[in-house]
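In what follows, a structure is listed as structure tokens, so that the remarks can point back to it.
Computed from the coordinates by the stated procedures, all read-outs in this text should not be read as laboratory data. Since the model is a prediction, treat every value here as computed from it, not as a measurement. Reconstructed Cβ throughout: ideal geometry from the backbone, glycine too, with neighbour counts over all protein chains shown.
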Amino acid sequence: MQGNSAQLLHDIFGFTTFRPGQQQVIDTLLAGRSSLAVFPTGGGKSLCYQLPALLLDGLTVVISPLIALMKDQVDALQHQDVAAARLDSSIPYEEVQQIYRDMNDGRLKILYIAPERLANERFLQRLRRIPIALLAVDEAHCISEWGHNFRPDYLKIGRLARELRVGRVLALTATATPQVAGDIRRAFAIADGDQVLTGFHRPNLLLNVIPCSARQRPALLLERLRSLPPGPTIVYVTLQRTAMEVAEMLCREGLPAQAYHAGMKDEQRSAVQDAFMQGDRGIIVATIAFGMGIDKADIRTVIHYNLPKTIENYMQEIGRAGRDGNNSHCELLACADDCTVLANFSYGDTPTDEALHDLIHHLLSQGQQFDVSRYELSTRYDIRQLVVATILTYLELNGTLEATGPFYEGYKFKCHRSEQQICGDYNDERAAFLAALFNCARPGRIWKQLSPGEAALSLNQPRERITAALTYLEERGDLTLQSAGLRYGYRLAQSSADPADPVVLIASMVNAFGRQEQQYLGRLEGILAYVGESGCVVRHLLRYFGEELAEDCGQCSSCLQSSMRPVESAAPPQVSAEELTIIEQLQAEQHSALAHPRQLTRFLCGITSPAAGKARLTRDPRFGCLAEFPFAEVLEKVTGS
């Protein structure tokens, strides 16, 4: 097997030697054990599943939230004649069907999917029919609520791997603290000895922390861009409007800058990204929406115009520089004024006590078995969908609910042959079943609408038979099938004689979200500790991830300067009479989406919410007019306390 690995490394991937840690991870997987790979950004994590996928019998499924990464890697693998594919919303219907045929026939070796794909009941039915040799989980730190990017759906992956009888699991991350790494190992039953950590230190990244005031920052950015060696550059900012303002300022000064943020149209973002990827001198001014999964080897400079959200975010973002091994500059313009905006973000995911009360009472009143739409709950209770998912996951983890699985509320289909011709291909019993199923559908001009739940009741058949029949006909090419209305099924774990105490549940949820707020603020304190470090900042950074550097790096800003200036903060602003008038106006307008003081405070601080978005209030020019003020201070003005 070793010889095969070395041969594939050269013949398929074009390398003569493994990078640190790669061979150890690959050998562990080929021996039939699961592994956790904690490699720095750009450390070669993808090879750790791509190579064994070619040596194992069965399909390798890669779960990644990074669509750009999936596309780039699939394109590269296909160029090397490796049978790889990806499933995401951008793939045309005909191509999706070909991917499914290749899966069934065993021709496909590597399939990339987003975590959300695991909520597709028809996709899970397909996976259950296919031997899965390896499940690779990228960004595995998302599984930990102690991590910087907790995604509750990731908590389900470990259980799903067991249900699918996956041969082995490879968890991958670039930013796991020792606590987070422990959570990942427990979730996937990975032995401590099968964790491979190669170290976070990248000597070619030259770290420079520059304390400054908000007033000094624009001129300082210009000075640094003009004095640093030329090459592709990323300037990270916090807010979308800052991205636009800074890019415009740089263009006025004759520098080739473009903005990139989540508020741009998809085609705009793609054009900006493609131009940057193909160029050798461009500057992109971006929020954190840019960079996930981007693999551009020659990025020479990463500048944080604003403070990063967390140490983990900072490590990921500077890790995009210098992947070719050449020296790259990572500059942080450290202004304490940024802390207000960053701290305010922590309140965006905290539901009001009233919303938690109403949501939990609603869930507990649905009967022994029920289903919900996260979207509907989000808009009804003004709680972000990710937070709704977190609440439901917590209720599973504490034993209140048991998940019965996701499903789609309805399907629509159009037949490519007559229904009589389709039924004619089967024996009498199956033909009668299909004919009755077709009769359950509501006719339309082109598409027929079908509710699997209603059809199951009408035909006295399991819902699974309904969806399996539709999936099979789709695979045969007899019809085109589309789904809508994703819902999640649950049952109450307690017996009706011992119902859950909503008061206790609500109190526990309030405490949980309070802890999350404090964890976020604690990570912000970690950023301030880093930028205020008088010693070697590289040692400080590595120590956060549980790694000790034998001696100072000798090349960071602290090592090269005898003393560091303190991080500057301007005098706190005062809410003006004009701004108080805006608060009074909004209260007088009585928007239902801003009825609760916390809802109005979020709006004033520029924090989006489902209700405000649905009411299109985020387009109001007053949205975010108090973004520079601490959330607690704005809440105080709103409540008049």
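General observations
- Reducing segment 76-93 and segment 163-189 to their Cα centroids gives an inter-centroid distance of 25 Å.
- Sparsely packed GluC sites (Glu not before Pro) within segment 223-258, loop by DSSP, other Cβ within 10 Å at most 16: GLU253
- Once the mean of 1/r is taken over each pair of separate Cα atoms and inverted, segment 577-639 shows a Kirkwood hydrodynamic radius of 11.3 Å.
- Whole-angstrom gap from segment 425-454 to segment 297-335, using each part's C-alpha centre: 56 Å
- Cα gyration tensor, segment 1-49 - rounded (a/c under 1.5), prolate or oblate: oblate
- Value of relative contact order over segment 2-197, rounded to a whole percent, pairs C-alpha under 8 Å and six or more apart: 30 percent
- Segment 176-261: trypsin sites (Lys or Arg not before Pro) falling in loop per DSSP and having at most 15 other Cβ within 10 Å: ARG215
- In segment 577-639, taking the dipole from charged Cβ atoms about the Cα centre, the farthest positive-side position among ALA577, THR618, CYS605 is held by THR618.
- Look at where the Cα atoms of segment 351-375 and of segment 607-627 average out, and the two centres are 25 Å apart.
- Each DSSP beta bridge with both residues in the chain is either parallel or antiparallel, and the antiparallel ones are about 30%.
- Each of HIS10, LEU492, LEU549 was placed along the dipole of the chain (beta-carbon charges, centred on the mean Cα), and the one lying farthest toward the positive end is HIS10.
- Value of relative contact order over the chain, rounded to a whole percent, pairs C-alpha under 8 Å and six or more apart: 14 percent
- Three-way shape label, segment 176-226, alpha-carbon gyration tensor, a/c 1.5: prolate
- About the Cα centre, charge dipole magnitude for the chain (Lys/Arg +1, Asp/Glu -1 at Cβ), debye: 940 debye
- Segment 208-336 shape via C-alpha gyration tensor axes, a/c threshold 1.5: rounded
- Dividing the summed helix terms, -39500 (n - 2.57) for each DSSP H run of n ≥ 4, by the number of residues in the chain produces a 222 nm estimate of -13000 deg cm²/dmol to the nearest 500.
- Loop GluC sites (Glu not before Pro), segment 110-180 (other Cβ atoms within 10 Å of the site Cβ: 11 or fewer; DSSP): none
- Stretching PHE345 away from GLU223 to a fully extended chain increases their span by 40.9 nm, per 0.36 nm per residue minus the current alpha-carbon distance.
- The Rg/Rh ratio for the chain is 0.98, where Rg is the radius of gyration of the alpha carbons and Rh is the Kirkwood radius.
- Residues of type aspartates and glutamates that LYS265 reaches as a straight line, Cα spacing below 17 Å, ignoring anything fewer than 8 places off in the same chain: ASP274
- Each peptide in 58-65, 267-274 receives the mean, over its residues, of other Cβ atoms within 10 Å, and ordering these scores from highest gives 58-65, 267-274.
- Computed over segment 577-639, relative contact order equals 36 percent, with contacts defined as Cα pairs under 8 Å that lie 6+ residues apart.
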